[in-house]
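Worksheet: the structure to be examined is printed underneath.
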Amino acid sequence: MSPGRFMAASRAQSPSAVAHGPVHRYAAGHGADGIHEHAAGTPVRGDGNHDCRPRRLLRIAAGEIQPDGGKRFFQPDASVRYLAQEPDLSGFETVLAYVEAGLGPSDDEYRARYLLEQLGLSGEEHPSTLSGGESRRAALARVLAPEPDILLLDEPTNHLDLPAIEWLESELSSLRSALVIISHDRRFLQNLSRSTVWLDRGRTRRLDRGFGEFEAWRDQLIEEEERDRHKLARQIVNEEHWVRHGVSGRRKRNMGRMARLDDLRKELREARKMMGDVKMAATEGRVSGKLVVEAERINKAYGERPIVRDFSIRILRGDRIGIVGPNGAGKTTLISLLTGVLAPESGTVKLGANLQLASLDQKRMSLAADMTLKDALTGGGSDFVEVNGERKHVIGYMKDFLFGPEQARTPVSRLSGGERGRLTLARALALPSNFLVLDEPTNDLDLETLDLLQEMLMDYPGTLIVVSHDRDFLDRVATSVIVAEGEGKWLEYAGGYSDMVAQRGVGVAALAGTKTNPAAAKRASKEDDQESRTTSPPAKKGRLSFKQKHALETLPARMDELSLMKGKLQARLEDPEFYSKDAEGFAKVMAAMAKVEAELNAAEEEWLALEVLREELEG
């Protein structure tokens, strides 16, 4: 069970929430709002992506699995819908059929279509063609459409961009349903929860307030527990002193004190202490120049679709820049332009002196599936990792990121999402750097690891560019936020995400397909007409050309091929002895890496543009 993942809930009339704590072992049962269940068994530790106790508890509440003991009761007339972390859409011809299958006899079929439209889907898509984010949106539409009495939501914000998350918050707030939510999105929990239950080492502790007040309350309980444990330890010392130096003639009394001492020792052993924390620190490189990046009126487009238009920025040493926008807005392209990986079509990008770049890609593509955890950290052929100029044994470095010694030879393919997230962070932070570029670093991380990542980034002496959909994370880390305004326009706002909203008046742009104002709708319509006219040439009006269809079918395989090449090159570059042994070879691999990344970014953007065009023509 992963440390730091929480379950929180809100109910319109009688709110109830569940949370499980950051750094303990758990086995728990809980009942609230007419739902009663108990899960017995041995406490386990694993990652949040596995069937951990809170998730198992939610599945028991949904009736998907049976408890080992105890009772589960629902009011006979209560309607319940459960959003699984990995929804199964197999067996349905269209997304609309999947959503309508979740409706009851008296439910409104129009609401299913309305929700799909709001979530950016037409309903005519075949489930096998959906991405992870699209599958999540379809599953959300299915559970929201009936407006049930109780909604059980397992990581509802996974794979969603900021516009979708903010829309979902608004939709859930307007429902009369009771909500039980598993999530690691702090802001999402703060905005929706009204009470919190902490699942902690076999028992539950309830706080009749929302998640916003949970962490201070939890820390107070932990401090009190530590004081009690300290008192118990001192009492044991006193008892041991009496046993050694007491009056030996009173044998019967001595035997009683010995039994009491054994009981105290047992009590101390059974007082389970906190699990190990992640020990996170970035390897500092040499000091960079004061100017890190200067971009002057840069432009980038794919076909007639502008990605970055007339954008200028100066990034100085120590700046922490957040980048936000809907999926497909071009955030990765903007990063590639600012770091020199991709050349702008016009304008200039100037990089500062003495830059040492370390990056974390969103899709964790640099991790080869057959690579072991040990080789991923060392580059292979070594038992040591160099961190901050010191050689550290790989097992010790693994422990810093909550990996056990027995996992050293575990293939990357067998790691959970949270473990892969910690592994890629461990690799990126071990590289000497003064310029960190992190693309969705919070994906699959538990709250405790997020806390430590935030603290590390705030203490990091270099410069940071981070793409994230986590609003709380951006508020804590960013000194300014760059926002996609649409049509290739990007604007920088001082402060974190909340500061940006205060200055801008709204959050990130609405979901694709929704109209924010008539002028924006007119511009979008004009751009769509221009894009459709740039086909070369279209076989028929309203259809993709043969060339476009061929590209749409072949680009995924090309992207996979480029991703594999990128992973192999990344593995060579992360060999700590590569540069010292072959500086010329290192430079060649760096150049090849830049070329592959540019080709991959171009392929991804081309595929995305074609996919958007296909949906528009077919929708």
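The values are calculated or read from the model by the stated rules, or taken from the named source; none is laboratory data. Every value quoted in this text rests on a predicted model; they were computed, and no experiment measured them. Methodologically, a virtual Cβ is constructed for each residue, glycine included, from the backbone with ideal geometry; neighbour enumeration extends over all protein chains shown. SASA here: full protein model, heavy atoms, side chains in, ligands and nucleic acids out. Shrake-Rupley method; radii C 1.70, N 1.55, O 1.52, S 1.80 Å.
Observations
- For segment 334-345, the criterion of being in contact (Cβ under 8 Å) with a residue 24 or more places away in the chain, on the phi > 0 side of the Ramachandran plot and crowded, with 23+ Cβ neighbours inside 10 Å is met by none of the residues.
- All of Leu130, Leu103 fail the test of being open to solvent by 10 Å² or more (accessible area, probe 1.4 Å) and within 30 Å of Pro76 (Cβ to Cβ), apart from Leu103.
- Residue match in segment 354-364 (condition: at pLDDT 75 or above, among the small types (Gly, Ala, Ser) and in contact with a helix residue (DSSP H, G or I) (Cβ under 6 Å, 6 or more places away or on another chain)): yes
- Evaluation of Ser173 against (1) surrounded by fewer than 20 Cβ atoms within 10 Å (Cβ to Cβ); (2) in a loop (DSSP other than H, G, I, E, B); (3) modelled with pLDDT of 90 or more (one fails), failing number: (2)
- Considering Val596, Val506, the condition of being β-branched (Val, Ile, Thr), at pLDDT 50 or above and open to solvent by 30 Å² or more (accessible area, probe 1.4 Å) is satisfied by Val506 alone.
- Among the helices (runs of 4 or more DSSP H) confined to segment 399-491, the ones with at least 3 residues that are closer than 18 Å to Leu360 by Cα and charged (D, E, K, R) are located at 417-430.
- Residue satisfying condition, being touching a strand residue (DSSP E or B) at 6+ places or on another chain (Cβ under 7 Å), hydrophobic (A, V, I, L, M, F, W, C), farther than 19 Å from Tyr82 by Cα and in a helix (DSSP H, G or I), within set Trp198, Trp217: Trp217
- Among the residues of segment 377-396, the ones that are open to solvent by 10 Å² or more (accessible area, probe 1.4 Å), in a helix (DSSP H, G or I) and in contact with a helix residue (DSSP H, G or I) (Cβ under 9 Å, 6 or more places away or on another chain) come to 2 in all.
- Of everything in segment 176-229 that is of a type in the set (Gly, Ala, Ser) and open to solvent by 40 Å² or more (accessible area, probe 1.4 Å), the residue that is nearest to the chain's Cα centre (by Cα) is Gly212.
- Count of residues meeting criterion [among the basic types (Lys, Arg) and over 19 Å from Arg471 (Cα atoms)] in segment 313-352: 3
- Residue list for segment 542-574, restricted to those being in contact with a helix residue (DSSP H, G or I) (Cβ under 7 Å, 6 or more places away or on another chain), open to solvent by 60 Å² or more (accessible area, probe 1.4 Å) and modelled with pLDDT under 80: Arg543
- Selection within segment 417-429 - in contact (Cβ under 8 Å) with a residue 60 or more places away in the chain and open to solvent by 10 Å² or more (accessible area, probe 1.4 Å): Gly417, Glu419, Arg422, Arg427
Conditions (1) in a strand (DSSP E or B); (2) modelled with pLDDT of 60 or more; (3) under 30 Å from Leu119 (Cα atoms), marked per residue:
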| residue | (1), (2), (3) |
| --- | --- |
| Lys279 | no, yes, no |
| Val292 | yes, yes, no |
| Arg314 | yes, yes, no |
| Ile321 | yes, yes, yes |
| Pro326 | no, yes, yes |
| Ile335 | no, yes, yes |
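- Looking only at residues in segment 397-416 that are of a type in the set (S, T, N, Q) and either without any contact (Cβ under 8 Å) to a residue 24 or more places away in the chain or more than 9 Å from Leu373 (Cα to Cα) (or both), the one that is surrounded by the most Cβ atoms within 10 Å (Cβ to Cβ) is Ser416.
- Residue-level analysis places Leu160 among those that are of a type in the set (A, V, I, L, M, F, W, C), within 25 Å of Asn443 (Cβ to Cβ) and in a loop (DSSP other than H, G, I, E, B).
- Output for segment 300-330, where each listed residue is of a type outside the set (Gly, Ala, Ser) and under 22 Å from Gly352 (Cβ atoms): Lys300, Val308, Phe311, Ile313, Arg314, Ile315, Leu316, Arg317, Asp319, Arg320, Ile321, Ile323
- Residues located in segment 194-211, provided they are closer than 21 Å to Ile60 by Cα and either in contact (Cβ under 8 Å) with a residue 12 or more places away in the chain or in contact with a helix residue (DSSP H, G or I) (Cβ under 7 Å, 6 or more places away or on another chain) (or both): Ser195, Thr196, Val197, Trp198, Leu199, Asp200, Arg201, Gly202, Arg203, Thr204, Arg205
- Among the residues of segment 40-50, at least one is at pLDDT below 85, open to solvent by 40 Å² or more (accessible area, probe 1.4 Å), more than 21 Å from Val143 (Cα to Cα) and over 26 Å from the mean Cα position of the chain (by Cα).
- Hits in segment 158-168 (condition: touching a residue at least 60 places away in the same chain (Cβ under 8 Å) and within 14 Å of Ala141 (Cα to Cα)): Leu160, Ala164, Ile165, Trp167
- On inspection, Gly104 qualifies as closer than 24 Å to Arg176 by Cα and in contact with a Pro (Cβ under 6 Å, 6 or more places away or on another chain).
- Looking across segment 565-582, the residues that are under 23 Å from Ala598 (Cβ atoms) and either assigned to a helix (DSSP H, G or I) or basic (Lys, Arg) (or both) come down to Met565, Lys566, Gly567, Lys568, Leu569, Gln570, Ala571, Arg572, Leu573, Phe578, Tyr579.
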